[in-house]
Amino acid sequence: MRRFYLHTRYDGIFYAELVDPVSGQKLAARSTGTKIRDEALLVIAKWLEAGIPTGRARKPRKLETAVGIENILKAIRKTDLNSDDALRIVQALKDRELIRISAVKAGNASVDFAEFLEEFWDYTASPYIREKLAHGHSIGKRHCYESMSRFSRYWEPAFKGHTLDSVTRQDLKDFSLNLAEKGLAPATINKIMAVGTTALVWAFREGMIPADPTDGLISFSGTAKKRGVLTPLEAQALFAHAWKDERAYAGNLLACTTGLRLGEVIALKREDIENRVLNVRHSWSDHDGLKCPKNGETRRVPLLPEVRGVLLALAGKNPHGPDGFIFYGMYENKPAVPRVLLGGLHHALEGIGIDAEARGIVFHSWRHFWAAWMADRMTADQVSRMTGHKSKAVFEEYADHITEENLEEVGRVGREVFGNLLQFKKGA
């Protein structure tokens with residue numbers, strides 16, 4: 001049996017086809033790198049003795065190994081493969097750390113990217129959301145609604161015609177830079193980018209695409225626009241002013257003296273009020289309805305007697321009954337819409353000569369107001385536990401219930417701070 005075949009090509013260089021002595025199979029032709037026959041024969045003799053040089057390092061490989069690779073390649077060329085088969089082959093190469101990136105042009109990866117994103121943020125249809133909820137993670141309908149809005153406004157027109165597997169890191173970089181050129185704030189750009197990057201990371205993790213195009217992307221940083229905060233004298237004047245809606249007065253007074261979020265305020269019911277403590281068990285969202293507070297943590301906060309009286313009086317005026325929402329709305333099963341409290345705040349601010357928009361005053365400003373006044377008189381741990389500001393580290397360290405001693409201490413400080421600051425006059 002012949003051990004090789006030798007021939008020249010159009011450029012005059014000799015090429016050799018080595019023969020497997022076992023099967024008689026010829027390997028793909030390889031260049032000897034010379035136009036001289038005797039030199040070509042010497043090269044072939046070296047290959048047969050030491051192995052065939054392959055790869056960039058020209059590391060010698062035994063003839064039987066080279067034959068095995070030829071058989072693999074022939075099988076791939078001849079076999080009817082689908083996208084799943086291709087992904088398995090790619091994954092096998094990745095497992096051996098032979099490749100890092102790849103592309104597959106069929107199956108789930110070839111779906112329209114816009115359609116993929118639209119389903120991804122559909123609360124009722126998304127496999128991602130179903131997975132999150134099944135594992136006990138919190139993801140609200142409002143978050144999905146806002147993500148869907150950002151998808152429709154920014155992602156859909158920019159990526160029209162793209163398939164899931166065709167989106168590259170460069171596409172994402174160009175998209176983010178285009179958002180920056182529009183003059184959007186860094187925090188806004190990051191939220192918009194998260195709509196697509198979250199979905200792409202999940203698709204990669206699920207094996208829908210063989211590479212993560214978000215790897216290495218840099219988020220935008222910058223100084224966020226600060227919320228305005230009233231001075232103590234302004235707050236005193238505000239609550240001494242006549243308010244158009246008693247619900248707005250009570251809700252803002254409560255937020256000022258406890259640091260509660262707007263959704264937590266309007267979700268309160270009579271049953272949440274104890275003698276000196278308020279139980280923050282729920283938050284309200286128009287998309288989710290009654291849900292757990294942010295971070296999934298219920299908490300207890302001290303309640304000043306004067307504020308407690310205002311809340312109980314308001315609960316007694318609920319046309320749907322005293323056991324409903326304290327901040328009642330038009331319907332028995334829904335509280336007042338947020339604009340009742342926020343609009344009342346802006347109207348009262350206007351009444352004392354403060355431009356809410358120019359000053360950046362929003363309902364959330366009360367959390368900053370409360371924290372700022374209490375921070376000098378309490379530890380950071382106490383403040384964060386009252387407001388529900390919990391990073392993972394803080395949560396793990398302070399997961400136990402707040403003790404009565406802590407509540408009493410915070411309540412005492414609150415009475416000292418706000419008892420002199422506010423006059424607790426009722427709204428008109």
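The values are calculated or read from the model by the stated rules, or taken from the named source; none is laboratory data. None of these values were measured; they are calculated from a predicted model. All Cβ positions, glycine included, derive from the backbone under ideal geometry; neighbour counts span all protein chains shown.
Could you check region 261-285 and list, in sequence order, the residues that are aliphatic (A, V, I, L, M) and within 12 Å of F325 (Cβ to Cβ)? Answer for region 261-285, where residues must be aliphatic (A, V, I, L, M) and within 12 Å of F325 (Cβ to Cβ): V265, I266, A267, L268.
Looking only at residues in region 184-224 that are in a loop (DSSP other than H, G, I, E, B) and aliphatic (A, V, I, L, M), which one is surrounded by the fewest Cβ atoms within 10 Å (Cβ to Cβ)? So, considering only residues that are in a loop (DSSP other than H, G, I, E, B) and aliphatic (A, V, I, L, M), the one surrounded by the fewest Cβ atoms within 10 Å (Cβ to Cβ) is I218. On inspection, E264 qualifies as within 33 Å of the chain's Cα centre (by Cα) and part of a helix (DSSP H, G or I).
Scanning region 134-143 turns up no residue that is in contact with a helix residue (DSSP H, G or I) (Cβ under 9 Å, 6 or more places away or on another chain) and either surrounded by 19 or more Cβ atoms within 10 Å (Cβ to Cβ) or closer than 23 Å to F220 by Cα (or both).
Would a scan of region 22-35 turn up a residue that is in contact with a strand residue (DSSP E or B) (Cβ under 8 Å, 6 or more places away or on another chain), among the small types (G, A, S), outside any strand (DSSP E or B) and at pLDDT 80 or above? Scanning region 22-35, I find at least one residue that is in contact with a strand residue (DSSP E or B) (Cβ under 8 Å, 6 or more places away or on another chain), among the small types (G, A, S), outside any strand (DSSP E or B) and at pLDDT 80 or above, so the answer is yes.
Among the residues of region 268-288, those identified as of a type in the set (D, E) and loosely packed, with under 15 Cβ neighbours inside 10 Å are E271, E274, D286.
On the stretch given as region 126-154, residues that are under 26 Å from T168 (Cα atoms) and part of a loop (DSSP other than H, G, I, E, B) total 1. If you go through region 239-260 one residue at a time, do you hit one that is in contact with a Ser or Thr (Cβ under 7 Å, 6 or more places away or on another chain), surrounded by 17 or more Cβ atoms within 10 Å (Cβ to Cβ) and either on the phi < 0 side of the Ramachandran plot or at pLDDT below 90 (or both)? The answer is yes; a qualifying residue exists. Look at (1) within 20 Å of F363 (Cβ to Cβ); (2) more than 32 Å from the chain's Cα centre (by Cα); (3) not β-branched (V, I, T) and you find that R276 fails only one, number (1). Those helices (runs of 4 or more DSSP H) of region 321-428 in which at least 1 residues are modelled with pLDDT of 90 or more and among the aliphatic types (A, V, I, L, M), considering only elements entirely within it, cover 338-351, 356-359.
In region 136-154, the condition of being hydroxyl-bearing (S, T, Y) and touching a Phe, Trp or Tyr at 6+ places or on another chain (Cβ under 6 Å) is met by at least one residue.
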